[in-house]
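Read the structure below first, then the notes.
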Amino acid sequence: MHTTLHLLAEAAPPQMLPARSLMAFTLASHIILVPMGVALPLITLIMHGYGLRRGDATALLLARRWSAVMAVQFAIGVVTGTVLSFEFGLLWPGLMGRWGDVFGIGFGVEAWAFFLEAVLIAIYLYGWRRLPARTHFLLGLPLPVTALLGAFGILAANSWMNTPQGFSLDSEGNPVDVDVRKAIFTPMFGPQYWHFVVAMLVTAGFVVAGVYAVGWLRGRRDRYHRLGFTVPFTVAAVFTPIQFMLGDAIARAVFQKQPVKFAAMEIVWNTDTHVPEYLFGRLHPDGTVTGGIKIPQLDSILAGFSPDTEVHGLATVPAENRPTVSQATLIHWTFDIMVGIGSVLLLLVVWYAFVWWRRRRLPASPWFYRSAACAGVASVIAVECGWITTEVGRQPWIVYENMRVSEAVTGARSGALWTMFGVVVVVYILIFGSFLAVLLKMRTRWRQDDERSDERGLEAGTMVTPETDTPYGPRSAVAAGDAPAPAPGDGPGAAPTEDGRP
């Protein structure tokens, strides 16, 4: 076994390691932005619609500020996503050269979705204070659809790589007779797509709510922070149990469609029934598992609802056609971490729902808000673990059972690729540093605006705070610092009408 693995390592092209390292780094960096790109438009529009329906200026102000964050995040996401698109062609020419005509339509759909989303975000940002309230809201409604369309494109491409279909091979092994519909709607597309989309909604909800949970812990317990926490956290709370069911469904789909990947995820060595479940643990080349917690028969039960369910083991596949022992251990850990984080988040949601059901209010315990503040980071970690499980579990195939990673990699010198890797790391540090700096500057400016509004309102004999200012129509005279408070019924706290004026 050791000899076989040694020979496989020697046979790998020298450019494999830098190419895979570069792709892994850029993908891991880009995916941090994806939840906000996919789900923040929907969360923003929920807040926007709530504000319009209730005449709530605080909700409208939150939606306006979130839309600014959405635009900045989208700009950064376009940059990192474009880098990934170039890397597919530069690092994996064998993949795109042979298979691009089969699954490349997914990238085309994603490109069109990005274009449409950019236009719609620009219109949505421009519409604040310029368009009638209802018209502005209606123009924003397509935003979540375009975000889902972008996810559709990239998930169609990735699910095809996991379960390729929709083509025939000629005598030279090249794909012919492409059926686009089958190439898009592969056996893994449905499970992957909905699992991914709901994961983005859960993650974005917890990330946004976590920001306001931190503010709550620091004593900012006004309605602005309460509403900013409640709406995104509720979105995450609604979708978390749904995600649990979808996660179970996709694990079972992997068991049926990619049994080797499932065996690696669960570190199953020999095909058998009554297979135990290991929580963590380490797989060794002789098939033994050390460490972790062993739960008898549970893996078979989870796979087929019965301890008599047969689970295929890694040993049934030649060593060159399966993940290595190290790769299996890695994806087993990432899978367990993902499931573990999801379980803890579900408990947090149960806590939230129970208190709301019993007392119709938010939980009062500081530990709840400490947990909520950590939930966003934990969700991002779970997303990263999910992608590691998906991609590493497919090894050594870049197109499952049709093309190996070693066959697709570029012929460029490894030294040049390592140099490119170093340059990309530096550039990404600058990009994400700039992104963070912009967000912090926006936060500081908004906080200063809120404080000035409070001061001017007090000087004029009224309170003009973020809770009473409205993003439709001209700013109130008090908020601008020009005149005394408006007359009752005329002020900025009045509900906006259909023409967008307060």
### Message
In whole Hz and in residue order, list the ³J(HN,Hα) couplings for segment 232-238 that follow from phi through the Karplus curve 6.51 cos²θ - 1.76 cosθ + 1.60, θ = phi - 60°; x for Gly and Pro.
### Response
x, 5, 5, 4, 4, 5, 5
### Task
May I ask for the distance between the Cα centers of segment 354-431 and segment 107-153, given as a whole number of Å?
26 Å
### Task
Give me the accessible area per residue for the chain, probe 1.4 Å, as a whole number in Å².
46 Å²
### Query
What number, rounded to the nearest 500 deg cm²/dmol, is the helix-based mean residue ellipticity at 222 nm of the chain, given -39500 (n - 2.57) per DSSP H run of at least four residues and division by all its residues?
-24000 deg cm²/dmol
### Task
Of the options ILE301, SER434, GLY97, report the single residue whose Cα projects farthest towards the positive end of the charge dipole of the chain (beta-carbon charges: Lys, Arg +1; Asp, Glu -1).
SER434
### Query
Put +1 on the Cβ of every Lys and Arg and -1 on every Asp and Glu Cβ in the chain; which of VAL392, TRP128, LEU246 then has its Cα farthest towards the positive end of the dipole?
TRP128
#### Entry: In order through segment 325-339: 3J(HN,Hα) via Karplus (6.51 cos²θ - 1.76 cosθ + 1.60), integer Hz, x for Gly, Pro
4, 5, 5, 4, 4, 4, 6, 5, 5, 5, 5, 5, 5, 4, 5
### Query
Only one of the listed values, [x] 21.5, 69; [y] 24.2, 79; [z] 25.7, 86, was derived from the coordinates as Rg and Dmax of the Cα atoms in Å; which label is it?
[z]
### Query
With charges set only on the Cβ (+1 for Lys and Arg, -1 for Asp and Glu), what does the dipole of the chain come to about its Cα centre, in debye to the nearest 20?
1740 debye
### Given charges at beta-carbon only (K, R positive; D, E negative), |dipole| of segment 1-156 in Debye
800 debye
### Query
For the Cα atoms of the chain, what angle does the longest principal axis make with the long axis of helix 414-459, in degrees from 0 to 90, nearest 10?
20 degrees
### Message
Starting from the 7 Å offset along Cα-to-Cβ, what nm value, one decimal, do you get for the label separation of VAL78 and ALA437?
### Response
2.1 nm
### Task
Calculate how steeply helix 105-127 sits against the longest principal axis of the alpha-carbon atoms of the chain, using the helix alpha-carbon long axis, and give the answer as 0 to 90 degrees to the nearest 10.
10 degrees
### Query
About its Cα centre, how strong a charge dipole does segment 69-218 have in debye, to the nearest 20, once Lys and Arg get +1 and Asp and Glu get -1 at the Cβ?
900 debye
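Between TRP356 and VAL425, what's the calculated FRET efficiency when r is the beta-carbon distance and R0 is 35 Å? Round to 0.05.
Plugging the Cβ-Cβ distance into 1/(1 + (r/R0)^6) gives 0.20.
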### Query
Assuming R0 = 25 Å, what is the FRET efficiency of VAL145 and ALA111, from their Cβ-Cβ distance, to the nearest 0.05?
0.95
## Note on the structure
Taking only the Cα positions of segment 5-164, the convex hull volume per residue in Å³ is 126 Å³
### Task
Quickly rank 104-113, 201-210 as a protection proxy: mean count of other C-beta atoms within 10 Å, highest first.
201-210, 104-113
#### Entry: Prolate/oblate/rounded call for segment 144-303, Cα gyration tensor, a/c under 1.5 rounded
oblate
### Mean Cβ count within 10 Å, highest first, over the residues of peptides 49-56, 288-295
49-56, 288-295
### Query
Pairing the Cα long axis of helix 93-103 with the longest principal axis of the chain, what angle in degrees results, from 0 to 90 and rounded to the nearest 10?
70 degrees
### Query
What order, most packed first, do the peptides 439-449, 222-232, 175-185 have when packing is the mean number of other Cβ atoms within 10 Å of each residue?
222-232, 175-185, 439-449
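The values are calculated or read from the model by the stated rules, or taken from the named source; none is laboratory data. This structure is a prediction, so every number in the text was calculated from the model and none was measured. Every residue, glycine among them, receives a Cβ derived from its backbone with ideal geometry; neighbour counts consider all protein chains shown. Heavy atoms of the whole protein, side chains included, go into the accessibility calculation; ligands, DNA and RNA do not. Shrake-Rupley method; radii C 1.70, N 1.55, O 1.52, S 1.80 Å.
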